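Heads up: the structure comes next, in structure tokens.
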Amino acid sequence: MTETHQLPRQIPALQELHGLLRQYYERFSIDEKTAFCLDLAAEEIFTNMVRHNESDSSTISMEVDFSESRIRLRWVDHGVTPFDPKALPAVDVTRPMEERTPGGLGLHLVKSVVDQVSYVYEDGDMHVEVVKEVGA
């Protein structure tokens, strides 16, 4: 089952985003651990798109795809300049905070709580997808 939602390009839309996800969690009996991981990933990706992408669109698309074995969340940010989050250097979480360069920790967290993260830039649109195995 796949559904697409249009979210306003603004931080207060996080409430709507989390409300939509809660409906899916209830409908598909998603456990709290999986829900926490998806909430963290969704908030980080959406917030980064709103704060860091220059866009000529007032919305960000969020596609939700649930199956028995996995959940896929995919965001499309329309009319943005290219930025490849995979090009960022890996965050060295073993270094003391005062020695770290700001940035990248959110993506590091997302990668640590989901099973797959992918990024594609195509025709002016940024596509970011996360996949989480159910119960993993």
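Applying a DSSP loop filter and a limit of 11 other Cβ atoms within 10 Å to the GluC sites (Glu not before Pro) in the stretch 1-68 leaves GLU54, GLU68. With each label modelled as a point 7 angstrom along the Cα→C-beta vector, the ASP31-PHE83 pair spans 3.5 nm. Placing a label point 7 Å from the Cα of ILE11 along the Cα-to-Cβ direction, the residues of the stretch 50-70 whose backbone N falls under 13 Å from that point are 50-52. In this rough spin-label picture, where each label sits 7 Å from Cα along the Cβ direction, the SER67-LEU109 distance is 2.9 nm.
The residues neighbouring VAL130, those whose beta-carbon lies less than 12 Å from its own, together hold a net charge of -3 under the Lys/Arg +1, Asp/Glu -1 convention.
Bear in mind that the values in this text are calculations on the coordinates, not laboratory data. What you see is a predicted model, and the numbers here were worked out from it, not measured in a lab. Counting neighbours? That spans all protein chains shown, and the Cβs are built from the backbone with ideal geometry, glycine included.
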